[in-house]
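Asker: Structure below; questions to follow.
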Amino acid sequence: MRVLVADAFPEEHRNRLAEAHECAYEPDTTADQLPARLAGCEVLVVRSTRVTAEALQAADALRLVIRAGSGTNTIDRETASRLGVHVCNVPGRNAIAVAELAFALLLAIDRNIADNVADLRAGRWDKKRYSRARGLFGRDVGVIGLGRIGLAFAERAAAFGTRVHAVAKPGRDDETLERARAIGITFVDDLDELARTCDVLSLHVPAADTTRRLVDRDLLAQVGPGTILLNTARADLVDEDALIEAMDAKDVRAGIDVFADEPGSGTGTIESRLAAHPNVYGTHHIGASTEQAQDAVATEVVRMIDEFAAGTVLHCVNPETTREFASSLPIGETP
């Protein structure tokens, strides 16, 4: 199969792909350039690059798009489904990396690390200012979303002596509940209660119709002054204007790795009121960008492509295409 890898991908795993497939590696591809580069490609692998309807419609042979990460909100799934293109993700392999960044942002905000460094590099010494910090021990941390990343973050928060809370949700599997018990998570009835109870809130849910602008003016009205909000999940979860208002009115502080106006590729410029706000410690959508995480993700991507070539679709997020794929296979073969 012809595979286009349109984002950074470890060399070792590119070589493994090339052993069995025709592999083109174009890591600097932008969303605008992608439509012109898909001719003849059966498989597309992306991380940051957006896959638009235009790109999908321009592809003449595409059958599979793999997002080398967990979220697929940068891919036009509706168009992909209509065209019979499978959209798949790689869940769970980067959970620890994202949890580490979320907790790093929390520590950095509490101790004003970035401002410390900026002043010191500029030759300014201000021990009086930077000696003021509340500390994390004994604080109430609310984790919104108890998937792999949320649980990994909760474990780290508990290890620092915080009290961890989450919203009770029916239907959680036994493994999740067991890990929650081991961490010592206290459950509350709803999101408003979580916001009133906690002085740190960390977002770990996917982007969906039910979670879009989950953090809005109504929810932010429930939080106390000085609350810290962490978002290493998806920009769609937060009403950025409402958050800016809360930062101005209540001195809410935020650690943000995802922004609404991010460039469509790995480099570019960004004009974001949120990113420029002095109460924001922002990073460049790097939650999953550790060598450990990328190696684990890449290993799974290679396996997924090999399995697809053999007739099996793994981790598909538009299952209607999987059913069509199954019906097209010779009798006796199953995806």
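The values are calculated or read from the model by the stated rules, or taken from the named source; none is laboratory data. All of these numbers come straight from a predicted model, not from anything done at the bench. When we count neighbours, we look across all protein chains shown, and the Cβ atoms used for this are built from the backbone with ideal geometry, even at glycine.
Asker: Can you run down the residue pairs with Cβ atoms below 8 Å, 6 or more apart or on separate chains, where the first is in the stretch 123-141 and assigned by TED's automatic domain parsing to the domain that holds ASP199 and the partner is in a loop (DSSP other than H, G, I, E, B) and among the aromatic types (Phe, Trp, Tyr)?
Answerer: What qualifies is LEU136/PHE160; PHE137/PHE160.
Asker: Here are the criteria: (1) out of contact with any Lys or Arg (no Cβ under 7 Å at 6 or more places or on another chain); (2) of a type outside the set (D, E, K, R); (3) closer than 22 Å to THR299 by Cα; (4) surrounded by fewer than 22 Cβ atoms within 10 Å (Cβ to Cβ). Tell me which single one CYS23 does not satisfy.
Answerer: (1)
Asker: For the stretch 60-84, give me each residue that is surrounded by fewer than 24 Cβ atoms within 10 Å (Cβ to Cβ) and either assigned by TED's automatic domain parsing to the domain that holds ASP261 or touching a Cys at 6+ places or on another chain (Cβ under 7 Å) (or both).
Answerer: ALA61 - this is the single residue of the stretch 60-84 that is surrounded by fewer than 24 Cβ atoms within 10 Å (Cβ to Cβ) and either assigned by TED's automatic domain parsing to the domain that holds ASP261 or touching a Cys at 6+ places or on another chain (Cβ under 7 Å) (or both).
Asker: May I ask you to list pairs of residues, at least six apart or on different chains, whose Cβ atoms are under 7 Å apart, with the first in the stretch 32-55 being in contact (Cβ under 8 Å) with a residue 40 or more places away in the chain and among the hydroxyl-bearing types (Ser, Thr, Tyr) and the second being assigned to a helix (DSSP H, G or I) and surrounded by 18 or more Cβ atoms within 10 Å (Cβ to Cβ)?
Answerer: From residues that are in contact (Cβ under 8 Å) with a residue 40 or more places away in the chain and among the hydroxyl-bearing types (Ser, Thr, Tyr), the pairs are THR49/LEU34.
Asker: Would you check if there is a residue in the stretch 198-216 being surrounded by fewer than 17 Cβ atoms within 10 Å (Cβ to Cβ), assigned by TED's automatic domain parsing to the domain that holds LEU107 and part of a helix (DSSP H, G or I)?
Answerer: Checking the stretch 198-216: not a single residue is surrounded by fewer than 17 Cβ atoms within 10 Å (Cβ to Cβ), assigned by TED's automatic domain parsing to the domain that holds LEU107 and part of a helix (DSSP H, G or I).
Asker: When the residues of the stretch 27-59 are narrowed to those that are closer than 26 Å to VAL98 by Cα and modelled with pLDDT of 95 or more, which ends up surrounded by the fewest Cβ atoms within 10 Å (Cβ to Cβ)? It would help to see each step written out before you state the result.
Answerer: Filtering the stretch 27-59 for residues closer than 26 Å to VAL98 by Cα gives 27-31, 44-52.
Of the ones still in play, those that are also modelled with pLDDT of 95 or more are 44-46, 51-52.
On the way: LEU44: 29, VAL45: 28, VAL46: 24, VAL51: 27, THR52: 18.
Result: THR52.
Asker: Among the residues that make up the stretch 147-157, is at least one of them within 16 Å of LEU230 (Cβ to Cβ), assigned to a loop (DSSP other than H, G, I, E, B) and either under 22 Å from the mean Cα position of the chain (by Cα) or in contact (Cβ under 8 Å) with a residue 24 or more places away in the chain (or both)? So that I can check it myself, show each step before the final result.
Answerer: First, the residues of the stretch 147-157 that are within 16 Å of LEU230 (Cβ to Cβ): 147, 149-157.
After this cut, where a residue has to be assigned to a loop (DSSP other than H, G, I, E, B) as well, the list is 147.
So of that shortlist, the ones also either under 22 Å from the mean Cα position of the chain (by Cα) or in contact (Cβ under 8 Å) with a residue 24 or more places away in the chain (or both) come out as 147.
Within the stretch 147-157, one or more residues are within 16 Å of LEU230 (Cβ to Cβ), assigned to a loop (DSSP other than H, G, I, E, B) and either under 22 Å from the mean Cα position of the chain (by Cα) or in contact (Cβ under 8 Å) with a residue 24 or more places away in the chain (or both).
Asker: Exactly one of these conditions fails for ALA24: (1) of a type outside the set (Lys, Arg); (2) touching a Cys at 6+ places or on another chain (Cβ under 9 Å); (3) on the phi > 0 side of the Ramachandran plot. Give me its number.
Answerer: Only one criterion is unmet by ALA24, namely (3).
Asker: Could you give every pair whose Cβ atoms fall below 6 Å, whose first residue belongs to the stretch 264-290 and is over 19 Å from VAL46 (Cβ atoms), and whose second residue is modelled with pLDDT of 95 or more and of a type in the set (Asp, Glu), counting only separations of at least 6 or pairs across chains?
Answerer: Cβ pairs passing all conditions: LEU274/GLU240; THR283/ASP257.
Asker: Of all residues being among the small types (Gly, Ala, Ser) and in contact with a Phe, Trp or Tyr (Cβ under 9 Å, 6 or more places away or on another chain) in the stretch 178-235, which is modelled with the lowest pLDDT? Just the residue, please. I'd like the intermediate steps shown before the answer.
Answerer: So in the stretch 178-235, the residues among the small types (Gly, Ala, Ser) come out as 180, 182, 184, 195, 202, 207-208, 221, 224, 226, 233, 235.
Filter once more, keeping what is in contact with a Phe, Trp or Tyr (Cβ under 9 Å, 6 or more places away or on another chain): 180, 202, 235.
Numbers: ALA180: 98, SER202: 98, ALA235: 95.
Checking each candidate, the answer is ALA235.
Asker: Please go through the stretch 1-57 and pick out each residue that is out of contact with any helix residue (DSSP H, G or I) (no Cβ under 9 Å at 6 or more places or on another chain) and aliphatic (A, V, I, L, M).
Answerer: Matches in the stretch 1-57: ALA18 only.
Asker: Give the stretch 90-122 a look and list any residue that's touching a Phe, Trp or Tyr at 6+ places or on another chain (Cβ under 7 Å), farther than 13 Å from ARG253 by Cβ and in contact (Cβ under 8 Å) with a residue 40 or more places away in the chain, or say none. Show your work before the answer.
Answerer: Of the stretch 90-122, the ones touching a Phe, Trp or Tyr at 6+ places or on another chain (Cβ under 7 Å) are 99, 102-103, 105, 108-109, 112, 114, 116.
Narrowing the set further to residues that are farther than 13 Å from ARG253 by Cβ leaves 99, 102-103, 116.
The answer is ALA99, ALA102, PHE103.
Asker: Also, quick follow-up: Can you spot a residue in the stretch 181-188 that is within 22 Å of the chain's Cα centre (by Cα) and on the phi < 0 side of the Ramachandran plot? Break it down into steps so the answer makes sense when it comes.
Answerer: The initial filter retains those residues of the stretch 181-188 that are within 22 Å of the chain's Cα centre (by Cα), namely none.
No: zero hits.
Asker: Which helices (runs of 4 or more DSSP H) sit wholly inside the stretch 22-115 and have at least 3 residues that are β-branched (Val, Ile, Thr)? Quick ask: steps written out before the conclusion?
Answerer: Working: elements: 53-58, 77-82, 95-111.
Ranges flagged: 95-111.
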